[in-house]
1. How big is the Rg/Rh ratio for the stretch 6-204, C-alpha atoms only, Rh by Kirkwood, two decimals?
2. For the stretch 93-185, run through the GluC sites (Glu not before Pro) and keep only the ones in DSSP coil with at most 14 other Cβ atoms within 10 Å of their Cβ.
3. What residues have an amide H closer than 5 Å to that of L45, excluding those fewer than 5 places away on the same chain, when H is modeled at 1.01 Å from N in the peptide plane?
4. What shape does the stretch 126-172 take by its C-alpha gyration tensor, where a ≥ b ≥ c are the square roots of the eigenvalues and a/c under 1.5 counts as rounded, a/b above b/c as prolate, and the rest as oblate?
5. How large is Rg/Rh for the stretch 108-215, to two decimals, with Cα atoms and a Kirkwood Rh?
6. Between D199 and E41, 0.36 nm times their residue separation minus their Cα-Cα distance comes to what?
7. Rounded to the nearest 10 Å², what accessible area does L63 show when all protein chains are kept and the probe is 1.4 Å?
8. Sorted from largest down, what three extents in whole angstroms do the Cα atoms of the stretch 1-116 have along their principal axes?
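The values are calculated or read from the model by the stated rules, or taken from the named source; none is laboratory data. This structure is a prediction, so every number in the text was calculated from the model and none was measured. Using ideal geometry, Cβ is built from the backbone for each residue, glycine included, and neighbour counts are taken over all protein chains shown. Surface areas here come from the heavy atoms of the whole protein model, side chains and all, with no ligands, DNA or RNA. Shrake-Rupley method; radii C 1.70, N 1.55, O 1.52, S 1.80 Å.
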Amino acid sequence: MIMDGNGRWAKRRHLPRAVGHQRGVESVRRLVRAVRGMGLECLTLYAFSSENWKRPQDEISDLMGLLRRFIKGDLPEFIANGVRLKIIGDYKALEPDIVHMLDDAIERTRNGSVTLVVALNYGAQQEIARAAQLAAQEGPVTVESISRHLDTADLPQLDLLIRTSGEVRLSNFLLWQAAYAEMYFTDVLWPDFTPGHLDEALAAFAGRERRFGGR
Ligand code: IPE
Ligand code: IPE
Ligand code: MG
């Protein structure tokens, strides 16, 4: 999920962007509660890109504050509901208290059966460069050796990539993994996105014919 449109949602209501981000977290919460019932194995959320550091410092602080509150507040529910937390991206570069909180949450949810992946300080080009560097240290660089060093190495194949808010671009999200993913773009702004909208995306996905280059 490329969760986009928080700012525009707030702007339309003459509210501060921070309120849009708060409501965006509510969308995440609704969705995480619903995924188990939908039979999904893994849900990956693009929460903060490596390019989002270009935003004003006060917005970055708001987002990091929301992240802290989300992890702290929702961890008991993750544990109770069998949600395993995984982070992709260079999250170790975030503030030390957040890194500690995330590592603790990852450890305490490790037995969960549904995986919630949160992409933090994530950029696909950076991820591929890091993986290629590690692969090169081991020998010939191949598609498999790069894949093995990606942050997503232990995750299932990316089947469906959804972006909200009407933007039709990937913004440096899962570029490698999206090689044969189905794409779904909706005009719904992220704070308005409900499990019903995810159902619609899954129904569209079910109607797609995937060929993977074959015939
Ligand atoms: C998505 O909403 C949240 C993040 C990128 C963190 P935006 O903040 O990008 O909202 P718009 O695109 O300005 O509407
Ligand atoms: C992509 O949204 C990043 C996240 C959803 C975290 P952006 O709003 O940052 O993307 P651009 O700048 O419109 O491409
Ligand atoms: Mg945006």
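1. Details: Rg = 16.9 Å, Rh = 17.7 Å.
Ratio value, two decimals: 0.95.
2. On the way: sites: E107, E127, E138, E144, E167, E182; in loops: E167.
Sparse-neighbourhood loop GluC sites (Glu not before Pro): E167.
3. V117, V118, A119
4. Details: a/c = 3.58, a/b = 2.18, b/c = 1.64.
Prolate, because a/c is 1.5 or more and a/b exceeds b/c.
5. Numbers: Rg = 16.1 Å, Rh = 16.0 Å.
So for the stretch 108-215, dividing Rg by the Kirkwood Rh gives 1.00.
6. Values: separation 158, 0.36 × 158 = 56.88 nm, distance 1.47 nm.
Between D199 and E41, full extension yields an extra 55.4 nm.
7. Accessible surface of L63 is approximately 30 Å².
8. On the principal axes, the stretch 1-116 reaches 41, 32, 22 Å in Cα extent.
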